[in-house]
Amino acid sequence: MTGIVFFVCFITGCCLALIRHPIFGLLTYVATYYLHPPSRWWGVTLPSIRWSLVAGCITLIAILVQKRKTDPKVVKERRGFLIGYMCFIAWLIIQSTWVMNPIEHNELIWINIKYIALIWVITSAIDSEKHLLWFCWSHVAGCAYLGWIAYTNHQGGRFEDFGGPDISEANAGALQLVSGLFIGSCLLLFPKLKHKVSALFSLPLIANAIILTGSRSAFLSGAIGGLFFNHAAPIRIRRLVRVLSLVATVAFIILANDNYWTRIGTIKAGGQQIQGVDTGGGRLEIMQAQFKMFTEHPLGCGHRCTATLSPMYMDDKLLTGKSSERQRSSHNTFFTLLVEQGVPGVLFYASFLIWIISKIAKLRANSKLSEEAITLLAPGIIAFMISICIGDMFIDYLKSEVRIWFIALMIAITIQTKLQPVRNTKVRK
């Protein structure tokens, strides 16, 4: 029955995208991303197809068929980022002539081509404040669903069974949940009661799932992101945000168990090797080995070459896997780019950080003094973009899709906050 309901809703969403508005296709895409039938027990009753890809393609077709004109401000806002992104993909294509793992590298190329299309689709489909809210709510609902999965299926230890293509393991799943926590917190601040009630239902599930993952990187990035959330809050509600943040912190401390705090406490070990304790140790040694890889491959050796080269550059104690196939992957996005995409990869990442900082400054300036409800989303988007940049220092998030969603959200909300004064002026006239 569950599979039938999903199939009917999926077809309905795709049809509404073609008949009414592409936003329905985008919401269907987000839903299929979280539900991910292949990893659910009820998915065996459905055809074996790439549901998210189909929903994404339907949304793209709907945008093209309906010939919706994208606001020139949106085109201008996203143009610079997309041009830079295409240059990065061009470098990946050039690299494909000498990479060590052609199959893995080609997969990275196609994933990034998909992400460029996804940014275009999201920024084209979200053409109003209402649609922006719908997208945010679909994301929060998806994270709440992950929280429910963790609550009902956790049987001890770190929870790593969320399902889905790139959120199944603990750290990636926790990062996804942190993004939902920040956006859900923003929606809690909206004046309408339905937003507050829905957020109050979703946030505890999301917070509990973050705890069950035991992710240290999510704890650090979430804590730092939370500080920026408070700093970026509009002046008119900043005191309220600080009070609610304090209440949320106390509630989180109470909700978390001793096992969680024991694991988080290992952060103080600074990566030192302690027998019988998982401190995340060895990562500094891994980075040192990666720097040696870089010096011998300054133009990069292609996606996943860190793992390929690791047996030649790292002590066996740092490697994982079977005796004949022991390797170690990167645990830092910057060092992943340094080794695998070389100097150009690092330059692209630096350019990305500069772009993020400039957009955060612009978004904060647009929303700081505005009294429009849409500006209440700005703290969450800013906080998560800071969080994922912090997370990059501990985990390889090179292929994280939620980063792409929030890049598109930054573009969409920047445009919506710019349009608000124009609309208000027309009303006054």
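Laboratory data are not the source of any read-out in this text; all were calculated from the coordinates shown. All values reported here derive from a predicted model rather than from experimental measurement. FYI the Cβ positions are ideal-geometry reconstructions off the backbone, even for glycines, and counts take in every protein chain you see.
Of note:
- Largest-first principal axis extents of the Cα set of the stretch 198-253 (Å): 35, 25, 17
- Once the Kirkwood radius over Cα pairs is known for the stretch 292-361, the Stokes-Einstein relation at 25 °C and 0.890 mPa s delivers a diffusion coefficient of 187 µm²/s.
- Rg/Rh for the stretch 25-68, where both radii come from Cα atoms and Rh is the Kirkwood radius: 1.08
- The alpha-carbon atoms of the stretch 168-304, seen along their principal axes, cover 58, 38, 28 angstrom, with the largest extent given first.
- Note on the stretch 1-87: Cα-Cα pairs beyond 23 Å make up 36% of the total pair count.
- Loop trypsin sites (Lys or Arg not before Pro), the stretch 317-350 (other Cβ atoms within 10 Å of the site Cβ: 11 or fewer; DSSP): Lys322
- GNM flexibility winner over the chain from Ala232, Ala365, Ala141 (Cα, springs under 10 Å): Ala365
- Most mobile of Trp261, Trp91, Trp41 in a GNM of the chain (Cα contacts under 10 Å): Trp41
- The stretch 177-229: C-alpha pair distances exceeding 16 Å, %: 42
- Degrees between helix 129-153 axis and first principal axis of the chain (Cα, 0 to 90, nearest 10): 50
- Three principal axis lengths of the stretch 93-189 [C-alpha, angstrom, descending]: 50, 43, 15
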